[in-house]
């Protein structure tokens, strides 16, 4: 279903334990085959409904869950909230066809670390996984503007002009959905330098995470 593509995790990282929660058998099979093709990922379990997804997360203790929203018995948003309440360190990547602003915001509010749209390239899914593992929040560029259009204009526009040229370069790549390691490779910087730039961007824009930084960038026309 997905072509092979590199996953940009830390080179010294151990294999990432992944749980797939997806009720479509064909999608579940495609995800399993695609993610298993990457040596840094290990599929430890699969669930076809949200209730079972929560149970398996508690039993198997994966490091990352790839979660659909439209699930039987317990939807993905409620399942994510339960998983995050019990095990806050587990990363959750939403992979769904749901694209309404209400669902996106509800998913992020429930604790999801990334929101990716079904049908997107494997590169975007892997970007979402890498960002989540890196402790960042990923929002699929396909829906970013739709969310931005429904948010109030930022009150910190005066800080926008304080970004350096390098910070603007990093911010542009953040908007494109690149993870810190990918930004580092693109700009020939070290990952630590990129992290410093990202922190500087968030401080100057007075935001708490990458998604908010992307929202401000799009709303203010910075990129």
Completion exercise
When restricted to 64, 108, 139, the only residue within 15 Å of the chain's Cα centre (by Cα) and closer than 19 Å to residue 35 by Cα is 64
Handout entry: Filter result (assigned to a helix (DSSP H, G or I) and either crowded, with 16+ Cβ neighbours inside 10 Å or touching a strand residue (DSSP E or B) at 6+ places or on another chain (Cβ under 8 Å) (or both)) within segment 84-105
Key = 84, 103, 104
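For every residue, the table says whether it meets (1) crowded, with 19+ Cβ neighbours inside 10 Å; (2) outside any helix (DSSP H, G or I); (3) modelled with pLDDT under 85.
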position	(1), (2), (3)
153	no, yes, yes
158	no, no, yes
169	no, no, no
178	yes, yes, yes
183	yes, no, no
189	no, yes, no
192	no, no, no
195	no, no, no
198	yes, no, no
Problem - residue 89 modelled with pLDDT of 85 or more and out of contact with any helix residue (DSSP H, G or I) (no Cβ under 6 Å at 6 or more places or on another chain) - result: yes
Problem - Lone unmet requirement of (1) outside any helix (DSSP H, G or I); (2) surrounded by fewer than 18 Cβ atoms within 10 Å (Cβ to Cβ); (3) modelled with pLDDT of 75 or more for residue 223 - result: (3)
Exercise for the section: Evaluate segment 64-83: report whether one residue or more is assigned to a loop (DSSP other than H, G, I, E, B), closer than 18 Å to residue 132 by Cα and in the same structural domain as residue 109 (by TED's automatic domain parsing). Expected result: yes
Problem - Number of positions in segment 15-61 that are assigned to a loop (DSSP other than H, G, I, E, B) and farther than 21 Å from residue 82 by Cβ - result: 6
Completion exercise
Over segment 26-43, the set of residues touching a strand residue (DSSP E or B) at 6+ places or on another chain (Cβ under 8 Å) and buried (at least 18 other Cβ atoms within 10 Å of the Cβ) is 28, 31, 35, 40, 41
Handout entry: Residue identified as closer than 16 Å to residue 125 by Cα, at pLDDT 90 or above and outside the structural domain of residue 185 (by TED's automatic domain parsing) among 22, 48, 59
Key = 22
Problem - For residue 136: the one exception among (1) assigned by TED's automatic domain parsing to the domain that holds residue 64; (2) at pLDDT below 80; (3) in a loop (DSSP other than H, G, I, E, B) - result: (2)
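The values are calculated or read from the model by the stated rules, or taken from the named source; none is laboratory data. Keep in mind it's a predicted model, so treat the numbers as computed, not measured. No Cβ is skipped: glycine too gets one built from the backbone with ideal geometry, and neighbour counts run over all protein chains shown.
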